[in-house]
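Structure, as structure tokens:
Just so it is clear, none of the values below were taken in a lab; they were calculated from the coordinates. None of the values given here were measured: they were computed from a predicted structure. Positions of Cβ are backbone-derived with ideal geometry, glycine not excepted, and every protein chain shown enters the neighbour counts.
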């Protein structure tokens, strides 16, 4: 027999968890299925040998929606904030230089030369028009400012967010606020100020956050609230659409095979899985969704005795321009940001290797990655001893790439999805890869599901 559920969410990453939780809070009997033994996707915290490390995202930016969600879940008291003025560094000519945290400081910094500073000043007073065609982040920065700004600031910043290639990333998809600012005011700086003033409602002061026991605290809280409505180790093996508009979903799990019908189906799975599951509804789903690239990333966490580290580690960490010709994309100084990340007298540093510009690096063996990262960061941070702790996690499909043509691809996917009322998509390939962006989009999907049910 086919069991009916009012709403079925497929995929237990942060998008699926938030969507299912929000629907159930609205008294819609939503169920969530996840193929892996644990929910949370890339959000995974590990406590071992006195160290507390993150296998995926190292922290998250505070948002109003996230703050409200934590309050609902009763975990607000577990949130910890990084020092607000913790400096970020970028590697320039073998030296870690602090990235200025204010416009005046940026203009006074030795990070960029006079011609780049003049280009920034010219943007304040001048006016430019974005091209009609989709433009890469690299082309945008070179057109508006300089190659130096691209190499020393924007390129490393892109690595930190997307692990992406600025020559391929679309500025209007990856950084839509920059595109909209120029379109609105002919100036990035004036446009950003105008857009900020136009936003209504309360504003959240930007903060870098985690939880006392790691980011997985949020995952565990959501999973606990879902209870038996969350089924792990349960895969979807087929989806079909009936004449009455309901979806039949075939499930395979440790409890056996099962068929479920639902009027609200939300797929919060990676694009390759989503495309395969929807291919029976329309083969175009698979071709469109699988055209979205992902960057592989290796996350390498190393623990050191503080006495062996010559650098003060006062700050957030550092980013590396590709021109430096290192394989490390950047590093986060975890034990400098949040309490309890390393035993007394030790420091925890997490580095990232691979990305869209060096995908082969993520194919190295774990011990090779430990040796590579230790070798590259030792001279930068004056590290005299070997690591006393290591952990390597390799994500072959870590981050979706919002490359040129991404907006057009999403528009075609949306047109196709609209042909199947009751079907929704959620995930980090839609409105940004950050945890806050995924939460915002999951909440929007849940609201659309509620609205459709009210109007039926």
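Taking the chain as the reference, fit the longest principal axis to its C-alpha atoms, fit the long axis of helix 188-198 to the helix C-alpha atoms, and give the angle between the two in degrees, 0 to 90, nearest 10. The angle comes out near 50 degrees.
For the chain, the longest principal axis of the alpha carbon atoms and the long axis of helix 14-25 meet at an angle near 50°.
Ranked by the mean number of other Cβ atoms within 10 Å per residue, highest first, peptides 25-31, 256-262 order as 25-31, 256-262.
Take the alpha-carbon positions of the range 48-106, form their convex hull, and give its projected area averaged over all directions (one quarter of the hull surface) in nm².
So the mean shadow area of the Cα hull is 7.2 nm².
Separation of the range 377-456 and the range 122-155, taken as the distance between their Cα centroids, equals 25 angstrom. Projected label points at residue 95 and residue 107, each 7 Å from Cα along the beta carbon direction, are separated by 2.4 nanometres.
Counting beta carbons within 10 Å around each of 4, 406, 311 and listing the fewest first gives the order 4, 311, 406. In the set (i) 0.90; (ii) 1.01; (iii) 1.14, the label that goes with Cα Rg over 2.2 N^0.38 Å computed for this structure is (ii).
Taking the chain as the reference, fit the longest principal axis to its C-alpha atoms, fit the long axis of helix 216-226 to the helix C-alpha atoms, and give the angle between the two in degrees, 0 to 90, nearest 10. The angle comes out near 10 degrees.
Let a ≥ b ≥ c be the square roots of the eigenvalues of the Cα gyration tensor of the range 1-54; is it rounded (a/c under 1.5), or, if not, prolate (a/b larger than b/c) or oblate? Here the range 1-54 falls in the prolate category. Taking the average, over residues, of other Cβ atoms within 10 Å as the packing measure, peptides 407-414, 215-222, 97-104, 319-326 rank 215-222, 319-326, 407-414, 97-104 from highest down. When both bridge partners sit in the chain, DSSP labels roughly 75% of those beta bridges antiparallel.
Express the Stokes-Einstein translational diffusion coefficient of the range 101-198 in µm² s⁻¹, to the nearest whole number, given a Kirkwood radius over alpha-carbon pairs, 37 °C and a viscosity of 0.692 mPa s.
238
Mean sequence separation of contacting Cα pairs (under 8 Å, at least six apart), scaled by the length of the chain, corresponds to a relative contact order of 24 percent. Mean residue ellipticity at 222 nm, helices only, the chain: -10500 deg cm²/dmol; runs of at least 4 DSSP H residues each add -39,500 (n - 2.57), and the sum is divided by the number of residues.
Peptides 364-375, 125-136, 433-444: what's the order by average Cβ count within 10 Å, highest mean first?
Numbers: 364-375: 16.8, 125-136: 12.2, 433-444: 21.1.
Packing order, densest peptide first, comes out as 433-444, 364-375, 125-136.
More than 16 angstrom separation, counting every C-alpha pair in the range 294-400; what % is that? Of the Cα pairs, 55 percent sit more than 16 Å apart.
A P(r) calculated from all alpha carbon pairs of the range 206-281, with 5 Å bins opening at zero, reads 3, 12, 16, 20, 17, 13, 8, 6, 4, 1 percent.
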